[in-house]
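No lab work stands behind these numbers, since they all come straight from the coordinates. Note that the coordinates shown come from a computational prediction; the quantities given were computed from them, not determined experimentally. All Cβ positions, even for glycine, are placed from backbone atoms using ideal geometry, and neighbour counts span all protein chains on display.
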Amino acid sequence: MTKNQCHGRFVESFGRLHLAQSLHDAGYVCAEPLIDNGIDLVAYSPASKRIATLQMKASSKDRYDVRRKYDGKVDLLVFVFHATSANPGIYVVEYGEIVRDLIEANGYDKNSSWTREDNAGWGGTINKNSRAKFDSWRATPERWRALLEATR
């Protein structure tokens, strides 16, 4: 394993722990599937018995990555920025919402990175155009409840 691969796994592990804590603070529990087939975590509400599938992207910076392969596969995308810090930024959004409000709204869906057949997607760093959108997707207990208690 290279140094970069090791760092990537370290960042992902920290991101997963921060995500689990965020869900716990909102009154949910989570489980990690034994096999990763695009679902990183499953969130469960003991009160309502609702389940949601999550795809997490963790970064040591303010980087996001949206892949077309997750369309219809997961309920929510979760981004953990600055995952190795004590105070990461955690953001949660439905797949269709991020495609509509970030990818399509900025014309990224016209880029060959998004339209190609193999591992198509779009990613980047947070900038002035995307900061307000991500701020609206901050993973607060209220946002978790609004998304996780929605009829699925």
Exercise for the section: Extending each Cα 7 Å along its Cβ direction at Glu149 and Ser85, get the distance between those two points in nm, one decimal. Expected result: 3.1
Completion exercise
So the number of lysine pairs in region 4-131 with alpha-carbon atoms under 17 angstrom apart, 8 or more residues apart or on different chains, is 4
Practice task
Quick one: compute the contact order of the chain, relative version, from alpha carbon pairs under 8 angstrom and 6+ residues apart, as a percent.
Solution key: 23
Handout entry: Calculated FRET efficiency for the pair Glu32/Glu117, C-beta based, R₀ 25 Å, to 0.05
Key = 0.25
Problem - Dipole magnitude (debye, nearest 20) for the chain, charges at Cβ of Lys, Arg, Asp, Glu - result: 220
Practice task
Could you tell me whether the chain comes out rounded, prolate or oblate from its Cα gyration tensor? Rule is a ≥ b ≥ c as square roots of the eigenvalues, rounded for a/c under 1.5, then prolate if a/b exceeds b/c, otherwise oblate.
Solution key: rounded
Completion exercise
Assertion target for Lys57, Lys110, Lys73, Lys49, ordered by fewest C-beta neighbours within 10 angstrom first, is Lys49, Lys110, Lys73, Lys57
Exercise for the section: Work through the residues other than Thr125 whose Cβ is under 14 Å from its Cβ and net out their charges, Lys, Arg +1 and Asp, Glu -1. Expected result: +4
Completion exercise
Here the gain from full extension of Lys61 to Leu17, 0.36 nm per residue of separation minus their alpha-carbon distance, amounts to 14.2 nm
Fill in the blank from the handout: Taking every C-alpha to C-alpha distance in region 28-89 and binning by 5 Å from 0, the per-bin percentages run 4, 18, 22, 22, 21, 11, 3
Practice task
Looking at the chain, send over the antiparallel percent of its DSSP beta bridges, to the nearest 5.
Solution key: 80
